[in-house]
1. Below 20 Å, Cα to Cα, which lysines can K188 reach? Residues fewer than 8 away in the same chain don't count.
2. Which of L179, S217, N62 sits closest to the plus end of the dipole of the chain, meaning its Cα is farthest towards the positive end, when Lys and Arg get +1 and Asp and Glu get -1 on the C-beta?
3. In the Gaussian network model of the chain, springs joining C-alpha atoms below 10 Å, which of Y76, Y152, Y90 carries the largest mean-square fluctuation?
4. Springs between alpha-carbon pairs under 10 angstrom, Gaussian network model over the chain: which of E57, E184, E157 fluctuates most?
5. Would you mind calculating the relative contact order of the chain from Cα pairs under 8 angstrom and at least 6 residues apart, reporting the percent as a whole number?
6. For region 138-223, what does the relative contact order come out to in percent, with C-alpha contacts under 8 Å and a separation of six or more?
7. Looking only at S217, S108, S87, which one moves most when the chain is put into a Gaussian network model with springs between Cα atoms under 10 Å?
8. For Y90 paired with E161, estimate the spin-label separation in nm (one decimal), with each label point 7 Å from Cα along the Cα-to-Cβ line.
Amino acid sequence: MRPLLNSPATEEHMGNNLRLRLISSLLTGAMTIWIIFAGGFWLYVEIAICLCGLLIEWSKINHTKKTALFVGGVTYITAPMIFWLWSAIYRQEAMIRSILWILTIVCSCDIFAFFGGKLLKGPKFAPKISPNKTWSGVFIGGVFAFLASIIYIFFSEWPSETNFAKIIMSVIIIIAAVLGDLLESKVKRILGVKDTGKIIPGHGGICDRLDSFLLASNVFIILDYSLKMGFIFG
C-alpha cells in the first residue's frame, strides 16, 4: 500500500532523500572542483567520463527509438562536452576560469531555487513539466545566482572591460540553467522515465545532475564565440 502524501512515512522518506542528495552533492562537488583545479590528465579523464556516461544514459532511456530526438540529444550533449575537453587541452587556464563561472551560476541557481521554493512555496512555475518547481524558487535561485556571478566576475582575472558583457551573459546563462532543468523534465516525460540513471544517490543519473549545466554550456559557447567575433557588445 502506498503511503499517504503527508504521512510520517512519506515525510521520513523525503527527509532521507534530501540528506542523501546533500551528501552526494557535497562529495561530487568537492571532487569535481578539486579535479578542475588540479587540471591536466585527470581533468581530461573527468570530462571524458562525463561525456561517455551522458551518452550511455541517453542511449538507454531513448527506448522509443525516436531518431530525431535521439540525434538531437546526442548533439546537445556532445557539443559542450567536446568544447570543454578541447579547451582543457589547448587553453586550460581560460577553460578553468570559464567552467568555474558556469558551475557557480548553475549550482547557485539550483541550490537557492530548491530551498527558496521549499521555504516560500507559492504558484507553480511549470506544473505540467516540473510539478515541484515554483515561481518563488526560480526567482530566489536567479537572484542568488546573479549575485554569485557578479562576485565571481569581479574577483576573476578577466579583463575589466569585459565585465559588462559578462554581467549581461550571466542573466542569459541563468535563464538557460532554469530552462535546462525544464527541458530534461519534458524529455523524460516524452520518453516515460523518471530518472536517467541511478549512479548518483539522491539525484539519479549523470544527465539528471548536469541538466542545467548542459544547456548553460551550450548557451555559453554561443555567447562566448559571438563576443569574441564582435557580434554582440562589439
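1. Here the lysines satisfying the reach criterion relative to K188 are K60, K65, K66, K124, K128, K133, K198.
2. N62
3. Y90
4. Between E57, E184, E157, it is E157 that shows the largest mean-square fluctuation.
5. Answer for the chain is 21 percent.
6. For region 138-223, the relative contact order is 28 percent.
7. Greatest mean-square fluctuation among the candidates belongs to S87.
8. With each label placed 7 Å out from Cα toward Cβ, I get 2.5 nm.
Laboratory data are not the source of any read-out in this text; all were calculated from the coordinates shown. Everything numeric here is computed off the predicted structure, so don't read it as measured data. So basically every Cβ, Gly included, is an ideal-geometry build from the backbone, and we count neighbours across all protein chains shown.
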